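Engineer: Encoded as structure tokens, here's the structure I'll be asking about.
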Amino acid sequence: MLAVGFGGMAGSLLRAWIYAAVPGTVSLWVINIIGSFLIGFAVMKLSGKSAELRLFISTGLLGSFTTFSAFSNDWFRALESSAAAGIVYGLAMTVAAVAAAAAGLWLGRKGVKE
């Protein structure tokens, strides 16, 4: 529990720092793309590590760093202004985040001996 708690504190502080440093909705894109990439990478690189380290990184740090609730809020605000804009926004963020996670998995798998 402490590993998740300390990781969560670090991830939320990092997210707040990016929100302060990067303007507007770009910050949410930066957070979700980087976080998705890192979770894919971490899955491969942390597979043989301790449960505490895996929980600290994946559930705590990256779980609190990325934010589905903020994405959902932005998505519904886009839908309110235009259904087409909302659909494009939702699909684009989802595709970009999944592609980033796949890239992280791929890169993390490089050098991992089966």
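The values are calculated or read from the model by the stated rules, or taken from the named source; none is laboratory data. Just so it is clear, the structure is predicted and the values come from calculations on it, not from any experiment. Cβ sites come from the backbone with ideal geometry, for glycine too, and all protein chains shown count toward neighbours. Calculation scope for accessible area: heavy atoms of the full protein, side chains included, ligands and nucleic acids excluded. Shrake-Rupley method; radii C 1.70, N 1.55, O 1.52, S 1.80 Å.
Engineer: With a 1.4 Å probe and every protein chain kept in, tell me what percent of the accessible surface of the chain is carbon plus sulfur.
Structural biologist: Here it works out to 74 percent.
Engineer: Related question: Mean separation of Cα pairs under 8 Å and 6+ residues apart, divided by the residue count of the chain: what relative contact order is that in percent?
Structural biologist: Taking the mean separation of contacting Cα pairs over the length of the chain, I get 42 percent.
Engineer: Okay, next question. So if I average 1/r over every pair of distinct C-alpha atoms in the chain and take the inverse, what Kirkwood radius in Å does that give?
Structural biologist: With all distinct Cα pairs of the chain included, I get 14.9 Å.
Engineer: Continuing with this model, one more query. Which ³J(HN,Hα) values in Hz, rounded to whole numbers, follow from the phi angles of the range 40-51 under the Karplus curve 6.51 cos²θ - 1.76 cosθ + 1.60, where θ = phi - 60° and Gly and Pro get x?
Structural biologist: Each residue's phi maps through the Karplus curve to give x, 5, 5, 4, 6, 6, 9, 4, x, 8, 5, 4 Hz.
Engineer: Taking a probe of 1.4 Å, how large is the accessible area per residue of the chain, in Å²?
Structural biologist: 60
Engineer: Taking only DSSP H segments of four or more residues, each worth -39500 (n - 2.57), what value at 222 nm results for the chain once the sum is divided by all its residues, to the nearest 500 deg cm²/dmol?
Structural biologist: It comes out at -25000 deg cm²/dmol, rounded to the nearest 500.
Engineer: Given points 7 Å out from each Cα along the Cα-Cβ axis, report the S72 to I87 separation in nanometres with one decimal.
Structural biologist: 2.2
Engineer: Relative to the longest principal Cα axis of the chain, at what angle does helix 68-81 sit, 0 to 90 degrees, rounded to 10?
Structural biologist: 20
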